[in-house]
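Taking it in order: structure first as structure tokens, then the write-up.
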Amino acid sequence: MIKVIMIEDDRELAELLTQYLAKFNISVKNFENPIKALEELEKNKNYDLMILDLSLPQMDGIEVCKKVAKEQDIPIIISSARSDDTDKIVALEVGADDYLAKPYNPRELVARIQAVLRRKEKKPRTIICGEFELDEEGFTIKKNGEPLNLTSAEFELLSMLIKNRGRVLTRDYILDNTIHLSYDSIDRTVDVIIGRIRKKIGDDPKNPKYIISVRGLGYKFEC
């Protein structure tokens, strides 16, 4: 199932697109208010793509596009009645992956979604998270542009935390979803590696800024 977050203040159009895209295994959660959509995107990192209108209340779609492209790792398709070439150019320059001028055939939107996601799969993934830059293909993580000297287990665990930033990961989840930390390891193994990572990234264990301990649950990464 492809998960899409949509920002569209035309309720009728949003309902139509939601119903149509569901036929193609595409689940849509729509927000009429861009501020609430941005709050949702901060809390939930599981969306595969964003569909964004430009003419919105409270915040212009171009500003939304710029903010999302800078802070999130998610492709953006503009769906807008603003068909002026300037809007298209600016939207693409600030981070949109595609631009679809209204009105359009919903089947074309499906094709654009599929094409954008195919292109994303082919790209080496680089994730920017505050001071940190994760290059999955190059197996490197940088802080303020400087590569961190990490072991395989440290890289794997820090990568997982960065990709799930803001989300609490339990020790069981970490052990279940890593190669270099086998599930036969005791829970303390996760804590030991977290301690080593904190030291390498300059995170004070008594007052951590990046890797936050959630008592009784596990850890989450803030950036």
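Count, please, the residues in segment 32-87 that happen to be part of a loop (DSSP other than H, G, I, E, B) and either out of contact with any Asp or Glu (no Cβ under 7 Å at 6 or more places or on another chain) or more than 23 Å from CYS223 (Cβ to Cβ) (or both).
The qualifying residues number 22.
Would you point out the residue of segment 161-195, among those that are farther than 30 Å from ILE74 by Cα and surrounded by 15 or more Cβ atoms within 10 Å (Cβ to Cβ), that is modelled with the lowest pLDDT?
In this case the residue turns out to be SER185.
Within the set of pairs 6+ apart or on separate chains, which have a first residue in segment 129-155 that is touching a residue at least 12 places away in the same chain (Cβ under 8 Å) and of a type in the set (A, V, I, L, M), a second that is in a loop (DSSP other than H, G, I, E, B) and open to solvent by less than 50 Å² (accessible area, probe 1.4 Å), and C-beta atoms under 9 Å apart?
ILE141/LEU148; ILE141/LEU150; ALA153/THR178; ALA153/LEU181
Answer with yes or no whether GLU146 is under 30 Å from ARG198 (Cα atoms), modelled with pLDDT of 90 or more and in contact with a Ser or Thr (Cβ under 6 Å, 6 or more places away or on another chain).
So GLU146 fails the test.
Which residue, of LYS36, LYS3, LYS23, is out of contact with any helix residue (DSSP H, G or I) (no Cβ under 9 Å at 6 or more places or on another chain) and open to solvent by 80 Å² or more (accessible area, probe 1.4 Å)?
Working: LYS3 fails: open to solvent by 80 Å² or more (accessible area, probe 1.4 Å); LYS23 fails: out of contact with any helix residue (DSSP H, G or I) (no Cβ under 9 Å at 6 or more places or on another chain).
Every option except LYS36 fails the conditions.
The values are calculated or read from the model by the stated rules, or taken from the named source; none is laboratory data. In this text the structure is predicted, and so the values were computed from the model without any measurement. Heads up, the Cβs are rebuilt from the backbone with ideal geometry, glycines too, and the neighbour counts pull from every protein chain shown. Each accessible area value is taken on the protein alone, full model and side chains, heavy atoms only, with ligands, DNA and RNA left out. Shrake-Rupley method; radii C 1.70, N 1.55, O 1.52, S 1.80 Å.
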